[in-house]
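Asker: Let me begin by handing over the structure; questions about it come next.
Rule-based calculations on the coordinates, nothing more; no lab input. Since the structure is predicted, the reported quantities are computational estimates derived from the model, not experimental observations. For neighbour counting, all protein chains shown are included, and Cβ atoms are generated from backbone atoms with ideal geometry for every residue, glycine included.
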Amino acid sequence: MGEYGPRIAALERRAERDREALFGSDGADPADVDPDEAHERYLREGAGQAIWLYVEGRTGGRLVRFSSAEFEALERAMNGWLECYAACHGVELDAEFSVREAAQLLLDTRNVHDVAQLLTGVPDRP
């Protein structure tokens, strides 16, 4: 596991916990999650952190080579949080977005909310 491995593993565990809290696990009722407050956390403390970790690894003066397992875990975490974000807006989503694409959007827009909206289409643009 590379230098980013422990951070990626922690992000993936947090994303799994957030998904279970929102959607429930094994048919259990989801925990009491306030979607109006949670969607912001899913972006700033969740998906945004996963995307930024990728950006950091690619732009820090040397190119970090993420292992396949690290890269997949990072994408799972980001996509899990994007699914939670969409659910807070009443949209069911099976997210399969590329962290590379999300990172490029973050660099272009400098705003994780714009990244989420462009990737998921949630919420609708006026």
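Asker: Please pick out the residue among 9, 21, 38, 69 that is aliphatic (A, V, I, L, M), assigned to a helix (DSSP H, G or I) and either closer than 21 Å to residue 110 by Cβ or in contact with a Phe, Trp or Tyr (Cβ under 9 Å, 6 or more places away or on another chain) (or both). It would help to see each step written out before you state the result.
Answerer: On the way: 9 fails: either closer than 21 Å to residue 110 by Cβ or in contact with a Phe, Trp or Tyr (Cβ under 9 Å, 6 or more places away or on another chain) (or both); 21 fails: either closer than 21 Å to residue 110 by Cβ or in contact with a Phe, Trp or Tyr (Cβ under 9 Å, 6 or more places away or on another chain) (or both); 69 fails: either closer than 21 Å to residue 110 by Cβ or in contact with a Phe, Trp or Tyr (Cβ under 9 Å, 6 or more places away or on another chain) (or both).
It is 38.
Asker: Give just the number: which of (1) closer than 21 Å to residue 5 by Cα; (2) in contact (Cβ under 8 Å) with a residue 24 or more places away in the chain; (3) in a loop (DSSP other than H, G, I, E, B); (4) in contact with a helix residue (DSSP H, G or I) (Cβ under 8 Å, 6 or more places away or on another chain) does residue 78 not satisfy?
Answerer: In the conditions (1) closer than 21 Å to residue 5 by Cα; (2) in contact (Cβ under 8 Å) with a residue 24 or more places away in the chain; (3) in a loop (DSSP other than H, G, I, E, B); (4) in contact with a helix residue (DSSP H, G or I) (Cβ under 8 Å, 6 or more places away or on another chain), residue 78 misses (3) alone.
Asker: Do we have any residue at all in the stretch 106-123 that's among the aliphatic types (A, V, I, L, M), farther than 23 Å from residue 24 by Cα and in contact with a Gly (Cβ under 7 Å, 6 or more places away or on another chain)?
Answerer: Yes.
Asker: Please find, among 38, 86, the residue that is within 18 Å of residue 17 (Cα to Cα) and surrounded by 22 or more Cβ atoms within 10 Å (Cβ to Cβ).
Answerer: 86 is the lone residue from the list that is within 18 Å of residue 17 (Cα to Cα) and surrounded by 22 or more Cβ atoms within 10 Å (Cβ to Cβ).
Asker: Among what's in the stretch 50-77 and is over 18 Å from the mean Cα position of the chain (by Cα) and small (Gly, Ala, Ser), pick the residue that is nearest to residue 15 (Cα to Cα).
Answerer: The initial filter retains those residues of the stretch 50-77 that are over 18 Å from the mean Cα position of the chain (by Cα), namely 59-65, 67.
The next check asks that each one be small (Gly, Ala, Ser); those that pass are 60-61, 67.
Working: 60: 25, 61: 28, 67: 19 Å.
Here the answer is 67.
Asker: Look at the stretch 42-66 and say how many of its residues are farther than 15 Å from residue 81 by Cα, in contact (Cβ under 8 Å) with a residue 60 or more places away in the chain, crowded, with 19+ Cβ neighbours inside 10 Å and not aromatic (Phe, Trp, Tyr).
Answerer: 0
Asker: I've got another one for you. Looking at 94, 108, which one is farther than 22 Å from residue 66 by Cα, loosely packed, with under 13 Cβ neighbours inside 10 Å and more than 14 Å from the chain's Cα centre (by Cα)? Break it down into steps so the answer makes sense when it comes.
Answerer: Working: 94 fails: more than 14 Å from the chain's Cα centre (by Cα).
Exactly one of 94, 108 is farther than 22 Å from residue 66 by Cα, loosely packed, with under 13 Cβ neighbours inside 10 Å and more than 14 Å from the chain's Cα centre (by Cα), namely 108.
Asker: Return the total of residues in the stretch 45-66 being over 19 Å from residue 96 (Cα atoms) and part of a helix (DSSP H, G or I).
Answerer: Summing the residues that are over 19 Å from residue 96 (Cα atoms) and part of a helix (DSSP H, G or I) in the stretch 45-66 gives 5.
Asker: Could you tell me whether residue 2 is small (Gly, Ala, Ser) and in a loop (DSSP other than H, G, I, E, B)? Lay out the reasoning, then the answer.
Answerer: Values: small (Gly, Ala, Ser): yes; in a loop (DSSP other than H, G, I, E, B): yes.
When the stated conditions are applied, residue 2 passes them.
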